[in-house]
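Have a look at the structure below before the remarks.
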Amino acid sequence: MLGVYIVIGIMVIILIYKIIIEPNIRYKNVYEMLEKFEEGEFLLTPVKSRTFEFKLENAEIILLIKVLPIPHNSAVTINSKYTWRLQWGGSSSKAGRPYPRSRYLNEMIPFLKDVVKSDKKVLKVTLLYPKTEKVLRYLNESDLDIIEPKDTPHGYKVVSFNEFEEYFDDIINIK
């Protein structure tokens, strides 16, 4: 009987960590990283009522930043403008391995469809937290292309959390 209580206690601790502690740590890490850009010409605004978490803006551009938590050993595929797929799992030591688990990222659809009107240029940025192995985009039914932070598929940017600072200049350059 004592073993059952121990198992239930461990499950409650894991649940509290996954629902409360982990999202707060993620939010704090992203906020602290984005806060570094306030020292320059940008203004950081946390946003709670929209489909994105942060707004980073200056006199010329507004970056709407959506944080997407994903596993380390994963790949994100942009199938179309509003259809994204996450694949994860398997051993990262095997090149060309298939990912055993996958799901569509339906939580991205409201952000991708959200329209923000402004006199400034508006750029949607998806911040993959903490990182992904690769971001791919379908060019047609059978051809895939690797997406880099400088690329703008369907008018938005996709970058891993650990690459955001390094590629910030590429991200804000809209082509």
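In degrees between 0 and 90, to the nearest 10, how far off the longest principal axis of the chain does helix 2-16 point, with axes built from Cα atoms?
The angle comes out near 0 degrees.
Rounded to the nearest 10 degrees, what's the angle between the helix 22-35 long axis and the longest principal axis of the chain, both from Cα atoms, 0 to 90?
For helix 22-35, the angle is close to 20 degrees.
Under 5 Å between amide hydrogens, which residues at least 5 positions from N73 or on another chain qualify, with H placed 1.01 Å from N in the peptide plane?
Residues meeting the amide H criterion: G89.
How long are the three semi-axes of the equivalent ellipsoid of the range 2-172, in whole Å, if each is the root of 5 times an eigenvalue of the C-alpha gyration tensor, listed from largest down? Write out the running numbers ahead of the final one.
Details: eigenvalues 169, 109, 43 Å².
Equivalent ellipsoid semi-axes, largest first: 29, 23, 15 Å.
Between V125, F161, P110, whose Cα lies farthest towards the positive end of the dipole of the range 73-175 when Lys and Arg beta carbons carry +1 and Asp and Glu beta carbons carry -1, centred on the Cα centre?
Farthest towards the positive pole: P110.
With 10 angstrom as the radius, rank V125, V159, V116, V12 by how many other C-beta atoms surround their C-beta, starting from the fewest. Show your work: numbers first, answer last.
Numbers: V125 20, V159 26, V116 13, V12 10.
Ascending Cβ contact count within 10 Å gives the list V12, V116, V125, V159.
Counting only DSSP beta bridges with both residues in the range 2-172, tell me the antiparallel percent, nearest 5. Write down the numbers at each step before the final one.
Numbers: 20 of 38 bridges.
Antiparallel bridges make up about 55 percent of those DSSP assigns within the range 2-172.
Once you charge only the Cβ atoms, +1 for Lys and Arg and -1 for Asp and Glu, what is the size of the charge dipole of the range 2-172 about its Cα centre, to the nearest 20 debye? Provide the component values of the computation, followed by the final result.
Details: 24 positive and 23 negative charges, 179 e Å.
Dipole size: approximately 860 debye.
Only counting other Cβ atoms within 10 Å, I'd like T45, T132, T51, T77 sorted with the fewest neighbours first. It would help to have the intermediate numbers written out before the result.
Values: T45 10, T132 25, T51 17, T77 20.
Ascending number of Cβ neighbours within 10 Å: T45, T51, T77, T132.
Taken together, the values in this text are just the output of simple stated rules run on the coordinates, not laboratory data. Just so we're clear, the structure is a prediction, and the values are computed from it rather than from any experiment. FYI the Cβ positions are ideal-geometry reconstructions off the backbone, even for glycines, and counts take in every protein chain you see.
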